[in-house]
Each structure stands twice: as structure tokens, then as C-alpha cells.
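**Q** The structure under discussion is supplied below as C-alpha cells; questions concerning it will follow.
The values are calculated or read from the model by the stated rules, or taken from the named source; none is laboratory data. Quick caveat, the model's predicted, so the values are computed rather than measured. Don't worry about glycine lacking a Cβ; one is built from the backbone with ideal geometry, like all the others, and counts go over all protein chains shown. We work out accessible area using only protein heavy atoms, side chains counted, and drop any ligands, DNA or RNA first. Shrake-Rupley method; radii C 1.70, N 1.55, O 1.52, S 1.80 Å.
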Amino acid sequence: MKTISLKRILLIFSIIFLIVAVGNLIIGYRSNSPEFDSVPIAVSSIILITGSITYFFESIQNPNITFIYSKPSFWVVVGIMIYFSGTFFLFLQYDNLSQQERVNFWIINMICFVLKNIFFSISFTLKPENQQTLNVDEYYFNKLE
């Protein structure tokens, strides 16, 4: 029941992001400004962080026992969480930063980007046969034997 409402909230956030992104493209196209606009990135960060938390919440609510780290989707979500939570406040404050602070910003951004790609690489190297799912009853029955 809760997951349906969470999915609806994510859908609403996604629609808001789409409206902001299209509006930003139209405004940026008309102004011919090469400026970095941090608002759409901050909105997408909120949406992706919320979606990642929803994924982890649903994984915890799942009654099947799996090693969550054996799923490629886990590593992708961890990479997304690290990148967007590591750069979220930097993107929000980008317009208020001095030139030297902007250089430091890009260093932090690249560190988070590399970490994200490392976690994505881990997800690509996992084999599908590592993704075993056991029912809770089967797990306990096998432990008793």
C-alpha cells in the first residue's frame, strides 16, 4: 500500500522535473546563454535520491532473503546515491560560489563521478547466477537440515 503512494509521489516529482527541464531548455535556447544552470540538476538530484531511498525501502520490505549486494541494481542505486548526494548542495550553491570555489567544486564533482562509475562497474561485472532468491521458509528449512 505504501509503495503505491511512494511510486505516485515519484511520478509527480518526475513530471515536475520534466516541466522544469523543458522550461529551462526553452529559456536557455532563447537567451543563448552558456551559463551553468543548477536548478534542473538540483531538482533531478532530489528525484533520484528519493527514488533511491524508495528502492532501498522496497528492498527491505521484500520478504525474500537475498544478498542485496549481489544484485546489479543495488550497485547502480548506490552509485546514484553517492553522486547526487555528494554534489547536491554544491549544485544548489554553484551560482553563489567564487571562481576558486568553483574550481574546488569541479574537483569534488569528479571524485563523486569516479565513485559512481566504480559502483556502476561493479554492477556490470556481477553475473546473473549470483542473484539467488530464497523464500523465508526455504531459508530456515535449509538451515535446520
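**Q** Got at least one residue in the range 31-40 being modelled with pLDDT under 75, closer than 25 Å to Ile15 by Cβ, hydrophobic (A, V, I, L, M, F, W, C) and surrounded by 13 or more Cβ atoms within 10 Å (Cβ to Cβ)?
**A** Scanning the range 31-40, I find at least one residue that is modelled with pLDDT under 75, closer than 25 Å to Ile15 by Cβ, hydrophobic (A, V, I, L, M, F, W, C) and surrounded by 13 or more Cβ atoms within 10 Å (Cβ to Cβ), so the answer is yes.
**Q** Being more than 20 Å from the chain's Cα centre (by Cα) and hydrophobic (A, V, I, L, M, F, W, C), is that true of even one residue in the range 80-102?
**A** Yes, the range 80-102 contains a residue that is more than 20 Å from the chain's Cα centre (by Cα) and hydrophobic (A, V, I, L, M, F, W, C).
**Q** Right, something else. Step by step: first the residues of the range 72-94, then only those that are closer than 19 Å to Ser38 by Cβ and polar (S, T, N, Q), then the one that is least open to solvent (accessible area, probe 1.4 Å). Which residue is that?
**A** Per the stated criteria, the residue is Thr87.
**Q** Working only within the range 102-117, note down all residues that are in contact (Cβ under 8 Å) with a residue 12 or more places away in the chain and either among the β-branched types (Val, Ile, Thr) or open to solvent by 80 Å² or more (accessible area, probe 1.4 Å) (or both).
**A** Those that are in contact (Cβ under 8 Å) with a residue 12 or more places away in the chain and either among the β-branched types (Val, Ile, Thr) or open to solvent by 80 Å² or more (accessible area, probe 1.4 Å) (or both): Ile108, Ile111, Phe113.
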